[in-house]
1. Can you tell me the FRET efficiency between B:T204 and A:R212 if r is taken as the Cβ-Cβ distance and R0 is 60 Å, rounded to the nearest 0.05?
2. Taking each residue of B:156-168 in turn, how many C-beta atoms of other protein chains fall within 10 Å of its C-beta, and what is the average?
3. Average partner chain C-beta neighbours within 10 Å, per residue of B:173-180?
4. Can you list the aspartates and glutamates whose alpha carbon is less than 20 Å from that of B:K95, not counting same-chain residues fewer than 8 positions off?
5. For chain A, state the average projected area of the convex hull of the C-alpha atoms over all orientations, rounded to one decimal in nm².
6. What are the nm distances, shortest first, from A:Y209 to its equivalents in the other copies, labels at 7 Å along Cα→Cβ?
7. Which aspartates and glutamates have a Cα less than 14 Å from the Cα of A:K123, not counting those fewer than 8 places away in the same chain?
8. Using a label point 7 Å beyond Cα on the Cα-Cβ vector, give me the inter-copy distances for B:S169 in nanometres, one decimal, shortest first.
Number of protein chains: 2
Amino acid sequence: MTYCVGMMLEAGLVMMSDTRTNAGVDNISTFKKMFTWEVPGERVLTVMTAGNLATTQALVSILDERTKAPGEREPDLLTAPSMFQVARLVAGTLKDVIAANANEGQRADSTFNATVLLGGQIKGSPPRLFLIYPEGNFIEAGKETPFFQIGETKYGKPILVRAYDPEMSFEDAVKLMLVSFDSTVKANLSVGLPFDLQVIEKDTYKIAYQRRIEADDPYYHEISTSWGEALKSAMDSLPSFTF
Amino acid sequence: MTYCVGMMLEAGLVMMSDTRTNAGVDNISTFKKMFTWEVPGERVLTVMTAGNLATTQALVSILDERTKAPGEREPDLLTAPSMFQVARLVAGTLKDVIAANANEGQRADSTFNATVLLGGQIKGSPPRLFLIYPEGNFIEAGKETPFFQIGETKYGKPILVRAYDPEMSFEDAVKLMLVSFDSTVKANLSVGLPFDLQVIEKDTYKIAYQRRIEADDPYYHEISTSWGEALKSAMDSLPSFTF
């Protein structure tokens, strides 16, 4: 499993992914699930992946190779004229990769499936965030649904639903995401540190901030330990039930 | 779907279940999922069910009929000598009901499956809490895992993990459960009000408190609305992330 969150704020995009992959509980590894393509000053694109690792690695490799062999197959990630065209490109490639492995044709429960979050901005239009399905179609985040999760989404959702605010600062968004990731890590062995964090500030067309949050990160530990206390205080602050 | 929680405290047991059933999103109904058998002063048994409604209704009807036609098949819920024997009885009956409907033999993904929480106390031994699987086997709650959830368990788990305390009062346990249920209801349409609540006080061998929490319950509304604020305050109380 995996846990990735892409969040659209008024100030830009915040993306976070875990790095744990597993084939059974006795075969776990660490792999990067966040990939970025940049043309500084013109476009920045970040992809986060959940699902079959062979599929997602093939997807990223194909997307990346195409940017390095221009003309071979147009458009590529670096030349597509809009985020929508980028999403179509990623989605089509994802569908092709899965189809190449699915020996009985593509089904919704294919073991080769993967899901992708694509966020970024191309000069001339606002930042956009897409959730791309293994079937090759996709949806876009909007005002009503301003963040997407992929992978093991349920444990970390309630806090996002409650505390998200489109006007929040990048700092607050990272804090919120870390709480959401911590809730997930505590509940599900298939999600694990380190986490990859990326911030894309609106209208800058580059990565504003990027960091790997390691298992021994002091800030993460502080969040993780303080959150239990904070939740207990929050519980205490609620009115008591009386029989 | 469904959401039920059974929680073992030092003071006794607290059980809560939702009442929504659905066959698709366009066919939702309200059904009780909590059932109790009592011999006041000697035993109290409560069953909560999740899964195929035909299966769980058949299970409860069979268990209930046997208590009314004694001698036909021994032991029944009211005569089994221990909670373990009650759990075996419920589990065996559950397995039989599923097998009678599963036309290709019983598989883990059978559409007729159901899962059961059984809690209660029989004079002479402490309160016990069991999670019974559709395969007819079961596990018992202990000090390390003092509560069980069935149904749509993930959204409401993080708060239980963080805030549960075996020494908490029944009142605090109900408050905690309502927060957990509220997180689930807010995230999943297949879980819905009203909720059934039951408290079994240790060594009393009867239901200490029972109530249906309706959708317009003022306390639930207060919890539901205050919890968002309390969470935001809890987030604010955490140290800020700095780039």
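1. Working: r = 55 Å, r/R0 = 0.91.
Calculated transfer efficiency: 0.65.
2. 4
3. Values: counts 1, 4, 6, 4, 1, 2, 5, 1.
That average works out to 3.
4. B:D64, B:E65, B:E72, B:E74, B:D76, B:E104, B:D109, B:E135, B:E140
5. Values: hull surface 62.7 nm².
Hull-based average projected area comes out at 15.7 nm².
6. 4.5
7. Within reach: A:E38, A:E42, A:E201, A:D203.
8. 3.9
Any read-out appearing in this document is the output of simple, stated calculations on the displayed coordinates, not a laboratory observation. Not measured: the values here are computed from a predicted model. Using ideal geometry, Cβ is built from the backbone for each residue, glycine included, and neighbour counts are taken over all protein chains shown.
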